[in-house]
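Everything below concerns the one structure shown next.
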């Protein structure tokens, strides 16, 4: 017996891909999307129904002659995924089913953690709280953190309050507590993935996350770009063009707060810079430095990566909104072609968690597809091949 996947197995996997990403949908929509014949789709649907990955949903409300189509859907029993935004100020945990529908979420202040193991226990406690209404087993967890991440496990360049999480200790601690694969990613990657998922026309773009630290992400041909070394994405070390200040010293909340205090502004928190009245001269000097840093950062990525869009997110976006017209004016003066530069509309914390959910869904769906194709190799043949997932 040939143990390699057949065309029938690949057709089944393709049908599953479409159902997971687009359900609920009718058989006719499934046929049109996959380009497969009616008989092939019907056979694949019946096999997936027997596997427990497809169920009948509501009837198509379109009126007309003949029998109405039944929508195909993904049952909650197939499982769920979790996306976490583990920030310095706040933590968001979001649970979704394998179709991508949100089950529940929570957004809470982040305690100051001195111990990695206790922080992992706290995160798992939040996951259990939010996952209560979810059906089926937990399939994947992705945790987005404010820092650079390599290989889904190692954290580099965290903000000062999160230095304890440097290295791979957090990923290992979470993996020991959760009965599912756990991966880490940067908050910038999660933010950009969320934008990519919701805008299928976006090809090449970059994103700056201006929060506790300056984080950077980019995509080419709608795919996130990931580096091989810890230095990848560390744009914050570049000169800002303002004295000896690096970009992170002006485009992160902690860096800009220090800079503003050094210019004579009495600030306890950085948001007081745009929420309170200040000496106009001192505030103008801070805004000019911030504007220069933004222009420097955008110019650097434009000449090296040639993006069509530049997105700005994070806690400093209220200040970005204030200076963005001047940023665009300066870019027009210095660059032959200026991409779209905009503040992305986001829910602080939740949008990053949603991006982490999208990452979890992609991983879980790829694993399920591989399980369908591997079933034959594993010798699970009777009348069909049930994926071991």
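Only the coordinates and a few stated rules stand behind these numbers; no lab work does. Fair warning: this is a prediction, and the values are worked out from it, not measured in the lab. Heads up, the Cβs are rebuilt from the backbone with ideal geometry, glycines too, and the neighbour counts pull from every protein chain shown.
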Note: residue 271 to residue 223 extended length (0.36 nm per residue) minus current alpha-carbon separation gives 13.9 nm
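Report, for region 100-219, the % of DSSP beta bridges that are antiparallel, rounded to 5. Mind showing how you got there, number by number?
On the way: 10 of 15 bridges.
Once the DSSP bridges in region 100-219 are tallied, antiparallel ones form about 65 percent.
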Going from the fewest other Cβ atoms within 10 Å to the most, one would list 232, 165 as 232, 165
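Quick check on the exposure proxy: order 121, 280 from fewest to most C-beta atoms within 10 angstrom. Kindly include the intermediate steps, with their values, before the conclusion.
Numbers: 121 13, 280 8.
Ranking 121, 280 by Cβ neighbours within 10 Å, fewest first, gives 280, 121.
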Between residue 244 and residue 329, the FRET efficiency computed from the C-beta separation at R0 = 25 Å comes out, to the nearest 0.05, as 0.45
The relative contact order of the chain, taking Cα pairs under 8 Å that sit 6 or more residues apart, comes to a percentage of 18
Whole-Å distance linking the alpha carbon centroid of region 323-355 with that of region 146-195 is 25
Fewest-first ordering of 222, 112, 80 by Cβ atoms within 10 Å yields 112, 222, 80
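Contour minus end-to-end for residue 10 and residue 112, with contour as 0.36 nm per residue of separation and end-to-end as the Cα-Cα distance?
Working: separation 102, 0.36 × 102 = 36.72 nm, distance 4.87 nm.
Value of the extension gain: 31.9 nm.
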Rounded to the nearest whole number, the Stokes-Einstein translational diffusion coefficient of region 116-193 at 37 °C and 0.692 mPa s (Kirkwood radius, C-alpha pairs) in µm²/s is 253
So, with points 7 Å from each Cα along the Cβ direction, the residue 179-residue 22 label distance in nm works out to 3.5
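Taking the Cβ-Cβ separation of residue 199 and residue 280 as r and a Förster radius of 51 Å, what is the calculated FRET efficiency to the nearest 0.05?
Numbers: r = 39 Å, r/R0 = 0.76.
Computed FRET efficiency for residue 199 and residue 280: 0.85.
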Checked against the structure, the computed Cα extents along the principal axes in Å among (1) 55, 50, 41; (2) 77, 48, 40; (3) 65, 54, 40 is the one labelled (2)
Sorted on mean Cβ neighbours within 10 Å (highest first), peptides 35-45, 170-180 come out as 170-180, 35-45
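What is region 213-276's relative contact order, in percent, from Cα pairs under 8 angstrom and six or more apart in sequence? Spell out each step's value before the answer.
Details: 59 pairs, mean separation 15.6, N = 64.
Worked out over region 213-276, it gives 24 percent.
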As a percent rounded to 5, the proportion of antiparallel DSSP bridges among beta bridges in the chain is 60
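Given the rule -39500 (n - 2.57) for each run of at least 4 DSSP H residues, summed and divided by the residues of the chain, what is its mean residue ellipticity at 222 nm, to the nearest 500 deg cm²/dmol? All intermediate terms of the calculation are to be shown ahead of the outcome.
On the way: 12 runs with 165 residues, N = 389.
Calculated at 222 nm, the ellipticity per residue is -13500 deg cm²/dmol.
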Subtracting the Cα-Cα distance of residue 337 and residue 77 from 0.36 nm times their residue separation yields 88.5 nm
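By DSSP, what percent of the beta bridges with both residues in region 199-343 are antiparallel, rounded to the nearest 5? Show your work: numbers first, answer last.
On the way: 10 of 19 bridges.
The answer is about 55 percent antiparallel.
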